[in-house]
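Beneath this line is the structure, given in structure tokens, with notes to follow.
The values are calculated or read from the model by the stated rules, or taken from the named source; none is laboratory data. Bear in mind the structure is a predicted one, so any value in this text is a computation, not a measurement. Quick reminder, even Gly has a Cβ in these numbers, built from the backbone with ideal geometry, and neighbours come from all protein chains shown. The area values use the complete protein model at the heavy-atom level, side chains included, leaving out ligands, DNA and RNA. Shrake-Rupley method; radii C 1.70, N 1.55, O 1.52, S 1.80 Å.
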Amino acid sequence: MSFNIALTGLTAVNEQLNTVSNNIANTGTTGFKSSRVDFGSLYADTQAMGVEVLGTTQNISQSGSVNRTGRNLDLAISGGGFFVTRATSGEMNYTRAGVFGTDNQNFIVNNLGSRLQGYTVDANGNIQAGTVTDLKLQSANLPARATDALEFGANLDANGAVPAVGAFSPDDPASYNSTYTTQVYDSLGREHALTQYFVKTGDNAWQVHYYMDGAQLTDGSGAAVTHDLSFGGQGILQSGQALNLSIDGVAGAEDLNITLDYTSTTQYGTDFAVHTNRASGYAAGERTGLVVEDDGRLFATYSNGERMLQGQVVLANFTNPEGLKNISGTAWQTTSASGEPLLGIPGGGQFGSLSAGSLEASNVDLTEQLVGLMEGQRNYQANTTVLSTQKELTQVLFNAI
């Protein structure tokens with residue numbers, strides 16, 4: 001009987017050494033999770049039969065250290081969750097190894113060609129939450145966008161006097177109180193200078209004149225375009241909060257239609273000062289890079305300083321993550337024990353935030369594994385000693401016959 005008991009011990013220790021060996025071999029593997037072997041005693045009624053391996057437990061809940069790499073598509077999860085990837089065979093896999101890049105079609109893929117999953121955007125750049133699919137970056141340059149809105153806020157000096165000169169002229173600073181120029185863009189992405197001249201016309205009353213590239217703006221009848229602003233006794237704008245400004249196209253560009261918003265403009269007894277000058281529109285730009293936010297949103301950056309939303313990475317979690325099945329490539333697949341994946345965005349609920357330009361290291365504690373290796377060696381030697389002793393006793397018995 002002792003032969004069989006010692007044999008079960010050798011078999012169990014051998015399984016333990018295999019697991020320890022695998023852990024040590026993957027000490028440097030990105031996103032790897034260590035495992036341990038769980039033993040259980042064997043009995044037949046009350047007769048001891050040795051030991052058996054009950055199973056292997058993965059240490060998934062313990063994160064590895066996050067190390068900076070500086071590479072934009074190296075992603076680490078700080079907290080719970082797994083990246084979702086779709087293999088070339090169509091199977092969904094789950095991984096903590098965030099080494100991603102792009103293929104020749106601009107899909108975001110890992111080293112095995114599996115495509116990262118997430119939410120895409122519509123034509124207006126809005127996230128399409130609920131539809132999880134392959135994430136793909138747009139390779140085209142960013143087309144120019146004409147200015148269609150200008151949010152302008154300033155303080156007009158209540159101490160200012162009504163100009164003494166009879167008529168307004170941009171060439172005569174005495175004919176206006178303040179001026180400010182904003183850069184706007186036409187449909188071809190060319191810059192233009194939109195200049196506003198503020199003229200005080202009475203108590204709490206102002207008139208604005210408009211010039212673009214030094215030319216006065218006129219309406220359809222040829223009259224100069226002006227806009228009146230009226231303030232209350234507390235310096236708050238009472239009328240003239242908005243103006244729709246129509247400007248004929250220049251040298252082949254489409255006509256400009258700009259909505260000016262003066263809502264935040266005030267009139268107090270302090271110097272003229274602009275606090276808001278926010279115009280839409282931009283010139284065409286070439287893609288220069290990629291930025292990944294901690295909530296998983298992907299932005300392409302362009303040479304004109306703009307950035308465009310490309311999609312959002314989704315993460316998966318499970319009721320029982322330790323029930324996942326290991327597969328090659330430092331990834332897992334679902335089983336009946338793990339349950340179906342629960343999807344969400346990084347930083348929400350049970351999902352950790354993303355750290356771009358970083359990778360999660362293996363969570364293997366090398367010192368712990370080496371101690372386990374020594375324990376396994378000792379246990380293996382002890383079981384072989386049992387076999388050797390039993391053999392000698394049996395030999396003594398045979399010699400006595």
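Annotations for the structure displayed:
- Subset of the stretch 31-63 [of a type in the set (Val, Ile, Thr) and free of Cβ contacts under 8 Å to residues at least 60 places away in the same chain]: Val37, Thr46, Val51, Val53, Thr56
- Note on the stretch 2-47: among residues that are among the hydrophobic types (A, V, I, L, M, F, W, C), over 30 Å from Ser328 (Cα atoms) and in contact with a helix residue (DSSP H, G or I) (Cβ under 7 Å, 6 or more places away or on another chain), the one that is most open to solvent (accessible area, probe 1.4 Å) is Phe3.
- A single entry from Ser221, Ser230, Ser187, Ser246 fulfils the requirement of being in a strand (DSSP E or B) and modelled with pLDDT under 95: Ser246.
- Only one entry in Gln183, Gln234 is among the polar types (S, T, N, Q), closer than 26 Å to Tyr282 by Cα and open to solvent by 40 Å² or more (accessible area, probe 1.4 Å), namely Gln183.
- Strands (runs of 3 or more DSSP E) wholly inside the stretch 89-178 that include at least 1 residues being exposed (fewer than 13 other Cβ atoms within 10 Å of the Cβ), without any contact (Cβ under 8 Å) to a residue 12 or more places away in the chain and among the β-branched types (Val, Ile, Thr): none
- Residue within the stretch 193-206 that is under 18 Å from Leu260 (Cα atoms), open to solvent by 80 Å² or more (accessible area, probe 1.4 Å) and assigned to a strand (DSSP E or B) present: no
- Lone unmet requirement of (1) of a type outside the set (Asp, Glu); (2) more than 21 Å from Gln128 (Cα to Cα); (3) touching a residue at least 60 places away in the same chain (Cβ under 8 Å); (4) open to solvent by less than 50 Å² (accessible area, probe 1.4 Å) for Asn326: (4)
- Residues of the stretch 48-90 that are modelled with pLDDT of 95 or more, more than 13 Å from Ala356 (Cα to Cα) and acidic (Asp, Glu): none at all.
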